[in-house]
Amino acid sequence: MNNKRVTLPAGTRLHLATILLVEDDENVRVLVQTMLLQHGYRVLCAEDSDEALKIAHEQPHHLDLLIADMVMPGMNGPQLAQRLRVLQPHLPVLFMTGLVQEDIVPGTLLSEAGFLEKPFTPQALAAKVQEILAGSASK
């Protein structure tokens with residue numbers, strides 16, 4: 001788990017949303033964590049689904065968004081999202097993926113999730129996170 005302190009640039013706007021980030025590639029995880037922190041989000045990191053479930057059970061606060069890799073060793077991103085939605089039924093989900101969005105079956109958990117195709121820019125990540133959080137707030 002990467003819980004290093006990161007100093008935010010002056011003028012960083014705090015969004016006060018808590019994001020659970022699950023990515024098995026440490027380099028990608030640290031990069032995405034840094035991008036999210038720079039936009040003022042609170043980020044809880046896990047390197048796999050087991051660690052993510054442990055964090056979700058142990059943390060006393062509400063998760064505002066799950067960002068997970070689609071393909072991970074063991075439990076994949078969609079399986080993790082289903083498990084977390086038992087704890088928090090309306091948890092918004094953003095999958096980082098190389099899949100083509102047209103391959104997603106309507107009416108499934110995947111059809112309700114946001115997708116961000118790898119590789120992506122910090123601006124694309126920030127825009128997608130804001131879009132998903134705004135959509136979940138209006139529900």
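Each reported figure results from applying straightforward, stated rules to the coordinates on display, with no laboratory input. Every value quoted in this text rests on a predicted model; they were computed, and no experiment measured them. Cβ placement follows ideal geometry from the backbone for every residue including glycine, while neighbour counts extend to all protein chains displayed.
See the values below:
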item: Of the criteria (1) in contact (Cβ under 8 Å) with a residue 60 or more places away in the chain; (2) surrounded by fewer than 20 Cβ atoms within 10 Å (Cβ to Cβ), which one LEU36 fails; result: (2)
item: Of the criteria (1) in a loop (DSSP other than H, G, I, E, B); (2) surrounded by 14 or more Cβ atoms within 10 Å (Cβ to Cβ); (3) small (Gly, Ala, Ser), which one GLY74 fails; result: (2)
item: Matching residues, region 28-43, being outside any strand (DSSP E or B) and either within 10 Å of the chain's Cα centre (by Cα) or of a type in the set (Val, Ile, Thr) (or both); result: VAL28, VAL30, VAL32, GLN33, THR34, LEU36
item: Of all residues in region 44-71 being in a loop (DSSP other than H, G, I, E, B) and of a type in the set (Asp, Glu), the one that is farthest from ALA126 (Cα to Cα); result: ASP48
